[in-house]
Amino acid sequence: MRTGDTPHHPRPGPGGDLTDEATYERVRTAQAASSGHALSRRGMLRLSAGAGLGAALGTAAASRPAFAATATATATAPATGIVKPLPPELFIPQGTNAEMRWEAMRGQGLLTPVDRFFVRNHVATPRIDARTWRLKLWGTGLRGAPPESRPVEFSYEDLLGMRAETITSFIECTGNGRGFYASQQGQEVSGTPWRLGAVGVARWRGVPLAAVLERAGVTPEAVDILPRGLDADFVDKGENLGRVRRPLPVAKALKDVLLAYEMNGAPLPPDHGFPVRLVVPSWVGVASIKWVGDIQVADEPLFSPWNTRYYRLFGPGYPPEGSAPLTRMNVKSAFELPWDAPLPARPQVLHGRSWSGTGRVRKVEVSADGGRTWRHARLRDRHADARGWVRWEFPWRPDGPGRHELLARATDDTGASQPSTAPYNTLGYLFGAAVRHPVTVS
Ligand SMILES: Nc1nc2c(c(=O)[nH]1)N[C@H]1C(S)=C(S)[C@@H](COP(=O)(O)O)O[C@H]1N2
Ligand SMILES: [Mo]
């Protein structure tokens, strides 16, 4: 829920409602064609597949601004680069990332405590000094078009002094559930093989990005913003892709995006973006840039590897340059149970949660016989924030000892639901099928 009075009236962006994926792609393609940058689809594919995308496109990646040096980016915990403790009862290690164990949500309220909130890091968590940190806005979409070398600046104190807003929203990695493409569908995909624990819901407090953009002098001609993290350059198989950054349409930026400095009532922890991160509700997790250092505001479409070679759907049925850049997350459900949970052979109540980036969860059904029969679960949080999740309960009497497969599927108020198989894509994004959760009754 958005609190406080809300004087920001998001106007439709200059190219229509770019918060919708299909519109986004159509408008962007037209804009790219007319902007004189001759960024054809084929050209973009070539660039995104080859080296030096940022340099070739002349975006923020190309130049290394002097102010990058003001961030003190140092790796911390040697193994993962993650600062907070990762006790094995709460987390599953996933390289530089940490996945939440779903049994850790059992008995919790609507929020995911920070001690178990998943971490998705391209590189190590940087340690940033809030006293010297500055948020810098620059680019052709601001009045007077400040260059990167003389940006409009905001200190941490400046942001704390602006009118705050609080929202409850999930952040979910686009690859959440990716492991099930292989284990449940026999399909090979690349990327971190998460189960369902790359999602968390928190209460985020901060300044509406709209207020900061307005104060910085955003013009009606602005089209895209490009927030960039202060973590180290991301190197993919020997290729330096620069710092993590992903363009966001101005329409979405003005709508409901937060520059958050608090998570669940405390200052953002280092791993989740201290001092300030973006929270882009309902959208793919990568949009919520952590440790944001600067934001380019442009009067033309912007590109980075994170909206060209990643975070699109690739594979059979998709054009060579991929689908439109991914925007909203899909519908998912998870049981608050260990994987391969041992369960007693008596009547019991199963618990879980469902969430959706496309609407409010209205219905959850559970199958305890591998998907043959389904019964309604009881929703506990029908009126909870639509950008969070709902908890549900399902009374179950096991029909006997042995291995069972539990499935849950939710439907939101747009009618979006969870199919029995997820459409394949090579990078394993948006696994929205009902997950077969194994349990052993004895
Ligand atoms: N600067 C920066 N921002 C980032 C990332 C990153 O590696 N660097 N990872 C992104 C991805 S892919 C996800 S899913 C979310 C994860 O947020 P969390 O680690 O707070 O759970 O942060 C996003 N923001
Ligand atoms: Mo992600």
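The values are calculated or read from the model by the stated rules, or taken from the named source; none is laboratory data. Keep in mind it's a predicted model, so treat the numbers as computed, not measured. Here Cβ is always computed from backbone atoms with ideal geometry, including for glycine, and neighbour counts include all displayed protein chains. Accessible surface is based on the protein model in full, side chains and every heavy atom, while ligands, DNA and RNA are left aside. Shrake-Rupley method; radii C 1.70, N 1.55, O 1.52, S 1.80 Å.
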Output ordering of 423-433, 86-96, 279-289 (per-residue mean of other Cβ within 10 Å, highest first) is 279-289, 423-433, 86-96
Distance in Å, no decimals, from the C-alpha centre of region 189-265 to the one of region 269-301 is 2 Å
For 322-329, 346-353, ranked highest to lowest by mean beta-carbon neighbours within 10 Å, the order is 322-329, 346-353
Within the under-13-Å Cβ sphere about G109, not counting G109, Lys/Arg +1 and Asp/Glu -1 give a net charge of +3
quick shape note, region 313-414: Cα extents on principal axes in Å, largest first -> 52, 34, 23
Rounded to whole Å², per residue accessible area for region 332-441 with a 1.4 Å probe reads 43 Å²
Under the Karplus relation with 6.51, -1.76 and 1.60 and θ = phi - 60°, whole-Hz ³J(HN,Hα) for region 210-221, x at Gly and Pro, equal 4, 5, 5, 5, 5, 5, 7, x, 4, 9, x, 7
In order over region 166-183: 3J(HN,Hα) from phi, Karplus 6.51/-1.76/1.60, θ = phi - 60°, whole Hz, x for each Gly or Pro, gives 10, 10, 9, 8, 7, 10, 9, 5, 4, x, 4, x, 3, x, 6, 4, 7, 6
Over region 209-260, with neighbouring protein chains present, the accessible area per residue in Å² at probe 1.4 Å is 27 Å²
To the nearest 20 debye, region 332-441 has a Cα-centred charge dipole, built from +1 on Lys and Arg Cβ and -1 on Asp and Glu Cβ, of 220 debye
